[in-house]
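One structure is given below, encoded as structure tokens.
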Amino acid sequence: MRSIARSPFFPDLVITVGASSFKLWREGQAFPIFSSPQLPAKLCGCAFSPTRPTVVFIAKDDGVVETWDLLDRSHEPYLATRVNSTGLGPIKFWTPQPGDAHFHKSREQLLAVGDAGGVLHVLRTPRQLRKPKPRELERTEAFLEREAQRAVDSVERGLQREAASASREDAVSAASVGAAGGEEKPAARRGGRGDKELSEDERREAEYMALEQAFMVEMGLREAPMKEE
């Protein structure tokens, strides 16, 4: 993880960047509620918009700052701004205070961006990205709830797939034991070869029988073999 920032609208919502994607997290959850697509360049910094709940700014290693409006589109950036040809670093919005000389001009948003060469760049946010839209806070809450539920469903499906895979592996192992056990008696009758290592053909035959048994069990055409106690 390269950078982390907290939402000014939702105290329990944070954004992180690392490698080639950024993620939204809700405190108390062990997994992100939203993950961006993998981007072609590494990410270096992140910041929430101070006036729009679902607008985030991402600084990248290729010298570009991307602006994402998650209510408009969540699969690609809304705007990409070339800042420099070198990698970027931390980014932070200027927050005007009553004592500042430019306090009365605080309608403009200034974003400070540092680069790998130690140079500070100041960007002015376009009006459409700083002016809130009607009911945007309410729509943002609905978006976060929807993404959180989607993330929970995805995790549950992953656990179900892992459980199904483990069940299939158990069935294959049980079938292998059954197939190997079925080969021992005929081998013993042929002259005490039960303890002898199987030949290549015999091993392949046992593997085939195990796979066939597992397939039949999975399709419900045969009951799983009983395990010996």
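Would you pick out the residues in the stretch 95-115 that are surrounded by 12 or more Cβ atoms within 10 Å (Cβ to Cβ), small (Gly, Ala, Ser) and modelled with pLDDT under 90? Give the steps one after another, and end with the answer.
Residues of the stretch 95-115 surrounded by 12 or more Cβ atoms within 10 Å (Cβ to Cβ): 96, 100, 106, 108-115.
Okay, now just the ones that are also small (Gly, Ala, Ser), so 106, 112, 114.
Within the stretch 95-115, Ser106 is the sole residue that qualifies.
Looking at the stretch 25-62, which of the residues that are assigned to a strand (DSSP E or B) and in contact with a helix residue (DSSP H, G or I) (Cβ under 7 Å, 6 or more places away or on another chain) is surrounded by the fewest Cβ atoms within 10 Å (Cβ to Cβ)?
Filtering the stretch 25-62 down to residues assigned to a strand (DSSP E or B) leaves 25-26, 34-35, 43-48, 55-60.
Subsequent filtering for residues that are in contact with a helix residue (DSSP H, G or I) (Cβ under 7 Å, 6 or more places away or on another chain) retains 26, 34, 55.
Details: Arg26: 18, Phe34: 21, Val55: 25.
Within the stretch 25-62, the match that is surrounded by the fewest Cβ atoms within 10 Å (Cβ to Cβ) is Arg26.
Considering only the stretch 2-37, state which residues are closer than 22 Å to Asp61 by Cα and among the small types (Gly, Ala, Ser).
The answer is Ser3, Ala5, Gly18, Ala19, Ser20, Ser21, Ser35, Ser36.
Residue check, Arg150 against (1) of a type outside the set (A, V, I, L, M); (2) part of a loop (DSSP other than H, G, I, E, B); (3) in the same structural domain as Met216 (by TED's automatic domain parsing), all met but one. Which one?
(2)
The values are calculated or read from the model by the stated rules, or taken from the named source; none is laboratory data. Source: prediction; values computed, not measured. Glycine also receives a Cβ, built like all others from the backbone with ideal geometry; neighbour counts cover every protein chain displayed.
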